[in-house]
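The values are calculated or read from the model by the stated rules, or taken from the named source; none is laboratory data. No experiment lies behind these values; they were computed from the predicted model shown. So basically every Cβ, Gly included, is an ideal-geometry build from the backbone, and we count neighbours across all protein chains shown. Protein only, heavy atoms only, side chains kept; ligands, DNA and RNA dropped before computing areas. Shrake-Rupley method; radii C 1.70, N 1.55, O 1.52, S 1.80 Å.
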Amino acid sequence: MSRPTLYLAVSLDVEEEGLFGGQYARRGFSTVNTGSLGRLDPLCERGVRPTLFCAHSVLADEPSRRVLAGLRDRHGAEIGAHLHHWNTPPLTLDGPGADAALADNASSVPAAAVPDLLMAAKLEKLMAAGQEFQSAPLTSFRMGRWDLHRNHWPLLAQAGIKVDASVRPLHCGATPHAGPDHFDAPCNPYWVTVGPKRIFEVPLSVTPLLQPLPGLLRRTAPGLRPGFKNWGALSLLPVYHPLWAMQAVTRLFVARGGRVLSLTWHSSEMMPGGAPHLPDASAVDTLMKKILAWTDWLSSRWEVRSLTMDQLREVLGPQAPESAAQLRQCSGAKCGDWAYPPQEAP
């Protein structure tokens, strides 16, 4: 008997160090962690084709650019765009003097607080850096901190984005400043229609511990949705879960109709000491061995096709839902920030 086919989307947020500590550097950051991306080689030799979502800090750094070019040319990695809006120029629309007046670090960087005109200018600068590096437009995107709101979709369409990977199903902020509402997003890829353009969304793989829980919250306790990610759902984030939990998430996700497994972590988590929770080489080695063990386990049970984000768009796009009406039927709830324009379920 033939085995079911699953699609694997492996991505990394390739960015500066210094995150995970409650501070966001506007300047004075380092990107030496990109020198550790060679640790991806064993994974790529197993057939994984990663998408590297690169922040402006990385695309503007020549040593990092050499590493990225090597992964692209050796292993077919896709170079995507990753917006760290707190340090992507311009920092303001009021000129260099106003930029210089900002503190070097910020403790809070809600994307909802950034005016659309400034966000569009930052996107333009990020995409120009990608174009200059790649000699071709970058077409895949992830918002920093998963902080993608409904007003950002037109900005992405205007910037030429064809694939987005910023949506985390079953996650939402208590307020817009605390985070976007992605709670009711589908688990499989879908199209977001923005005027005459469409963006293919590849959401993070997230599944509830008990399948009826999200619907129960919608009906009886919507105020509990912001905390649901901490007690009612598991995401395919290898840094935070042991191997057995990653396997459990996968089994549940696939049993409930998931076809695309989206696995992600950060470039700084591959450098010893690059993140507080991975303080040394032993911790990083353990992480990479776990990811390799999971991919081997996955391939032993399913037929696995590993594709970049843009390859997923090409392969799965014709089968994906194409309108807000179809999405409402899929989710049985409201679109929130995960689609555009927002439309309520009937």
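Note on the chain: GNM, Cα springs under 10 Å; of TRP231, TRP191, TRP294, the largest mean-square fluctuation is that of TRP231. Each of LEU156, LEU216, LEU117 was placed along the dipole of the chain (beta-carbon charges, centred on the mean Cα), and the one lying farthest toward the positive end is LEU216. For a modelled paramagnetic label at LYS197, 7 Å from Cα along Cα-to-Cβ, the residues of region 68-104 in reach, with backbone nitrogen under 18 Å, are 80-84. In plain terms, the chain from GLU45 to GLU314 could stretch by 94.5 nm, reckoned as 0.36 nm per residue minus the Cα-Cα distance. Heavy atoms of the protein chains alone define the surface here; on that basis the chain has 41 Å² accessible area per residue at 1.4 Å probe size. Using 20 Å as the cut-off for backbone N distance, which residues of region 166-184 belong to the label zone defined by a point 7 Å from the Cα of ALA221 along Cα→Cβ? Correct set: 170-175, 182-184. The Rg/Rh ratio for region 226-273, using Cα coordinates for both the radius of gyration and the Kirkwood hydrodynamic radius, is 1.02.
Sequentially through region 134-151, phi angles give Karplus couplings (6.51, -1.76, 1.60; θ = phi - 60°) of 8, 6, 6, x, 7, 10, 10, 8, 9, 6, x, 6, 6, 8, 9, 10, 4, 6 Hz, Gly and Pro residues having no value and appearing as x. Computed extension length for ASN151-ARG259: 36.0 nm, one decimal, from 0.36 nm per residue of separation with the Cα-Cα distance subtracted. In percent, rounded to a whole number, the relative contact order of the chain is 24, using alpha-carbon pairs under 8 Å and six or more apart.
Looking at region 1-158, the pairs of alpha carbons with a distance over 25 Å make up 33% of the total.
The tail of the calculated P(r) for region 185-284 beyond 24 Å holds 39 percent of all Cα-Cα pairs. For region 5-93, place one equal point scatterer on every Cα, skip the solvent, and apply the Debye formula. What is log10 of I(q)/I(0) at q = 0.10, 0.21, 0.23, 0.26 Å⁻¹? Per q value, in the given order, log10 I(q)/I(0) is -0.28, -1.01, -1.15, -1.36. Taking amide H as placed 1.01 Å from N in the peptide plane, the amide H of TYR340 sits under 5 Å from that of THR193, each at least 5 places away or on another chain. For the options VAL206, VAL315, VAL109, a Gaussian network treatment of the chain with springs between C-alpha atoms closer than 10 Å singles out VAL315 as fluctuating the most. Near GLU201, the amide H atoms lying under 5 Å from its own belong to ASP164, TYR190, TRP191, VAL192; only residues 5 or more places off or on other chains count, and H is placed 1.01 Å from N. Magnitude of the charge dipole for the chain, about its Cα centre and with charges confined to Cβ atoms of Lys, Arg (+1) and Asp, Glu (-1), is about 1140 debye. Only protein heavy atoms count here; under a 1.4 Å probe, LEU209 has an accessible surface of about 80 Å².
One quarter of the convex hull surface, Cα atoms only: what value does that give for region 226-305 in nm²? The Cα convex hull of region 226-305, projected and averaged over all directions, gives 6.2 nm².
For region 296-312, 3J(HN,Hα) computed residue by residue from phi via the Karplus equation (6.51, -1.76, 1.60; θ = phi - 60°) reads 5, 4, 4, 5, 6, 10, 10, 7, 10, 10, 8, 10, 6, 4, 5, 5, 4 Hz, glycine and proline entered as x.
Close amide H contacts of GLY80 (hydrogens built in the peptide plane, cut-off under 5 Å, sequence separation of 5 or more or a different chain): LEU52, PHE53, CYS54. Size descriptors for the chain (Cα atoms only): Rg and Dmax, in that order, 19.3, 67 Å. For ARG66 and ALA248, a Förster radius of 45 Å and the Cβ-Cβ distance give a FRET efficiency of 0.70, rounded to the nearest 0.05. For region 231-239, backbone phi angles converted through the Karplus equation (6.51, -1.76, 1.60; θ = phi - 60°) give residue-by-residue couplings of 9, x, 9, 10, 10, 8, 10, x, 5 Hz, Gly and Pro being listed as x.
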